[in-house]
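**Q** Below is a structure I'd like to ask you about.
The values are calculated or read from the model by the stated rules, or taken from the named source; none is laboratory data. Predicted model only: the values in this text are computed from it and were never measured. Every residue, glycine among them, receives a Cβ derived from its backbone with ideal geometry; neighbour counts consider all protein chains shown. We work out accessible area using only protein heavy atoms, side chains counted, and drop any ligands, DNA or RNA first. Shrake-Rupley method; radii C 1.70, N 1.55, O 1.52, S 1.80 Å.
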Amino acid sequence: MSFAGALFEGDVTGDHFCTATVVHSPGRNLIVTAGHCLLAGKVAGKGAIFAPAYADGKAPNGTWKIEEVFEDTQWAENTNDDFDLAFARLAPDASGRNIEDVTGAAVLDTTGRSGEEVTVTGYPADRKVARTCTSRAIRDTPTEQRFDCADFPGGTSGSAWIAGDGKIIGILTGGDTDDVSTSTILNDYAAKLYARATGAAGTAATAGGPPAG
């Protein structure tokens, strides 16, 4: 899955701390992850980078710097777990390419889906390879779902839950153990946050010329 990758602080020589996924957007420059992985707002200085398809200490597709992070105020200001979601706009890489033109992307589904089989790829912080598992998403409450799959420790937060039709229906936010992982239900709040992130991304893309594709 070339559009899933690891988040690093600064560059890929250090430790990775969360997982993210390229999500389809008009600007072709957006990733989605958990809210607790990043801080909302524009990024100053070196900041975090995204390395899609990271493996064995290498970033085969290159790296992209995060420019701005978008979070719901319910998470950014109140750390309400029901809104633990973030989108991040990425700058073009050193060759001027937008991330989606290189890796492809998954489409976000914000209709509140659950109760179906999902495939999740995450990057444990203590390893240099991804961990992938397929299991069933189970709705526990109106705002939370879980999937039971062994060995999803720290670092896998932010992993996308990809349904059978290829759409993102969840984002890993945590869990009481490494074997039970949770996600918010992606509904209206996620749709509004995506609209805000893509609006800003679209403006940025237009300012520098029309988005590719």
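**Q** Scan 121, 111 and give me the residue that is open to solvent by 30 Å² or more (accessible area, probe 1.4 Å), in contact (Cβ under 8 Å) with a residue 40 or more places away in the chain and closer than 25 Å to residue 26 by Cα.
**A** Details: 121 fails: open to solvent by 30 Å² or more (accessible area, probe 1.4 Å).
When all the criteria are applied, what remains is 111.
**Q** Taking residue 134 as meeting all but one of (1) within 18 Å of residue 194 (Cα to Cα); (2) open to solvent by 60 Å² or more (accessible area, probe 1.4 Å); (3) of a type outside the set (Gly, Ala, Ser), write down the number of the exception.
**A** (1)
**Q** Looking for whichever is at pLDDT below 95 and closer than 26 Å to residue 182 by Cα here; the options are 41, 57, 35, 112. Which one fits? Step through it out loud before you land on a result.
**A** Numbers: 57 fails: closer than 26 Å to residue 182 by Cα; 35 fails: at pLDDT below 95; 112 fails: at pLDDT below 95.
Unique residue meeting the criteria: 41.
**Q** With among the acidic types (Asp, Glu) and either open to solvent by less than 30 Å² (accessible area, probe 1.4 Å) or under 24 Å from residue 9 (Cβ atoms) (or both) as the only criterion, which of 188, 165, 178 stands out? Walk me through how you get there before you give the answer.
**A** On the way: 188 fails: either open to solvent by less than 30 Å² (accessible area, probe 1.4 Å) or under 24 Å from residue 9 (Cβ atoms) (or both); 165 fails: either open to solvent by less than 30 Å² (accessible area, probe 1.4 Å) or under 24 Å from residue 9 (Cβ atoms) (or both).
Testing whether each residue is among the acidic types (Asp, Glu) and either open to solvent by less than 30 Å² (accessible area, probe 1.4 Å) or under 24 Å from residue 9 (Cβ atoms) (or both) leaves just 178.
**Q** All but one of (1) aliphatic (A, V, I, L, M); (2) farther than 19 Å from residue 3 by Cβ; (3) exposed (fewer than 15 other Cβ atoms within 10 Å of the Cβ); (4) modelled with pLDDT under 95 hold for residue 204, so report the exception by its number.
**A** (3)
**Q** Take the range 124-140 and flag every residue that is β-branched (Val, Ile, Thr) and either in contact (Cβ under 8 Å) with a residue 40 or more places away in the chain or closer than 14 Å to residue 151 by Cβ (or both).
**A** Here is the first cut: in the range 124-140, the ones β-branched (Val, Ile, Thr) are 129, 132, 134, 138.
Passing the criteria: 129, 132, 134.
For every residue, the table says whether it meets (1) closer than 22 Å to residue 198 by Cα; (2) among the β-branched types (Val, Ile, Thr).
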residue: 96; (1), (2): yes, no
residue: 105; (1), (2): yes, no
residue: 111; (1), (2): yes, yes
residue: 119; (1), (2): no, yes
residue: 143; (1), (2): no, yes
residue: 146; (1), (2): no, no
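**Q** While we're looking at this one, here's another question. Taking the range 87-108, which residues are open to solvent by less than 10 Å² (accessible area, probe 1.4 Å) and touching a Lys or Arg at 6+ places or on another chain (Cβ under 9 Å)?
**A** Correct list: 87, 90, 99, 106.
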